[in-house]
1. So, in region 10-39, how many residues would count as being open to solvent by 70 Å² or more (accessible area, probe 1.4 Å) and either outside any loop (DSSP other than H, G, I, E, B) or in contact with a strand residue (DSSP E or B) (Cβ under 7 Å, 6 or more places away or on another chain) (or both)?
2. Being modelled with pLDDT of 95 or more and of a type outside the set (A, V, I, L, M, F, W, C): is that true of Pro66 here?
3. Does at least one position in region 15-22 carry a residue that is farther than 21 Å from Met153 by Cα and of a type in the set (Asp, Glu)?
4. Scan region 52-73 residue by residue and report those that are open to solvent by less than 30 Å² (accessible area, probe 1.4 Å) and touching a residue at least 40 places away in the same chain (Cβ under 8 Å).
5. Do we have Lys76 as under 19 Å from Ile38 (Cα atoms) and either at pLDDT below 95 or surrounded by 12 or more Cβ atoms within 10 Å (Cβ to Cβ) (or both) here?
6. Take region 120-139 and flag every residue that is farther than 13 Å from Met16 by Cβ and touching a helix residue (DSSP H, G or I) at 6+ places or on another chain (Cβ under 6 Å).
7. Taking into account only those residues within region 29-38 that are in contact (Cβ under 8 Å) with a residue 12 or more places away in the chain and under 17 Å from Ile74 (Cβ atoms), which is farthest from the chain's Cα centre (by Cα)?
Amino acid sequence: MRKFKLQVQMSVDGYMAGPNGEMDWLTFPWTDDINAHIDALTEPVDCIVLGRKLAEGFIPAWAAGPEGEDQASIDKVNNTPKVVISNTLTESPWENAVVAGGDLAETVNRLKAEPGGDMIAYGGGTLVSSLIAKGLLDELHLFVNPTAIGAGMPVFANLDTYQQLRLVTARPFDCGITGLHFEPKRS
């Protein structure tokens, strides 16, 4: 079965975006150590999973070649097949992306049962909180930025029960971000 990872940037107080989707608090530029870490994390990935709202900005931005990204990273993101989780879209308007709707757990379990490498989710907020709440992730890679924003889109929203996690690694990077790698404790 494929491994399903979450990679998300977050504030020290647990938000992945400000109240209006602001991302101006993120730490940049990144340093070589965090870039190498993320390259290693994404190397075995052959499927990117996105929520519809994030896909609307993410896919076109990477297709245009975001400033500050090297060509190898741009090619990796653009050439990696994407699954957009949406109950409002019926077909993908993007190249190299398909739409999947319906029951989230059934969709994720079907994707995980397919042959291939790791899958990674980058967001958005509704998808991330649903994946966490339903226990559908195998690894959580939280990149904690040294900024508290006070309000916004929480990473851990809509939990009906405690989420027990096991810390695998904690790694500070030279740019000030700390990478936390957790795995869910399964009974």
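1. Of the residues in that region, 4 qualify.
2. Values: modelled with pLDDT of 95 or more: no; of a type outside the set (A, V, I, L, M, F, W, C): yes.
Considered against the rule, which asks whether it is modelled with pLDDT of 95 or more and of a type outside the set (A, V, I, L, M, F, W, C), Pro66 comes out as no.
3. Step one: filter region 15-22 for residues farther than 21 Å from Met153 by Cα, giving none.
Checked region 15-22: no residue is farther than 21 Å from Met153 by Cα and of a type in the set (Asp, Glu).
4. Across region 52-73, the qualifying residue is only Ala55.
5. Values: under 19 Å from Ile38 (Cα atoms): yes; either at pLDDT below 95 or surrounded by 12 or more Cβ atoms within 10 Å (Cβ to Cβ) (or both): yes.
Spelling it out, Lys76 is indeed under 19 Å from Ile38 (Cα atoms) and either at pLDDT below 95 or surrounded by 12 or more Cβ atoms within 10 Å (Cβ to Cβ) (or both).
6. Residues of region 120-139 that are farther than 13 Å from Met16 by Cβ, as a first pass: 120, 130, 133-139.
Correct list: Ser130, Lys134, Leu136, Leu137.
7. Taking region 29-38 first, the residues in contact (Cβ under 8 Å) with a residue 12 or more places away in the chain are 29-34, 37-38.
Filter again for under 17 Å from Ile74 (Cβ atoms), leaving 29-30, 38.
On the way: Pro29: 19, Trp30: 17, Ile38: 12 Å.
Selected residue: Pro29.
Listed here are the residues, each with its yes/no results for (1) more than 27 Å from Val83 (Cβ to Cβ); (2) within 15 Å of the chain's Cα centre (by Cα); (3) aliphatic (A, V, I, L, M); (4) in a loop (DSSP other than H, G, I, E, B).
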position: Lys112; (1), (2), (3), (4): no, no, no, no
position: Leu142; (1), (2), (3), (4): no, yes, yes, no
position: Val168; (1), (2), (3), (4): no, no, yes, no
position: Gly179; (1), (2), (3), (4): no, yes, no, no
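The values are calculated or read from the model by the stated rules, or taken from the named source; none is laboratory data. Keep in mind that this is a model prediction, so the values were computed, not measured. So basically every Cβ, Gly included, is an ideal-geometry build from the backbone, and we count neighbours across all protein chains shown. Areas reflect the complete protein model, heavy atoms only, side chains present, ligands, DNA and RNA absent. Shrake-Rupley method; radii C 1.70, N 1.55, O 1.52, S 1.80 Å.
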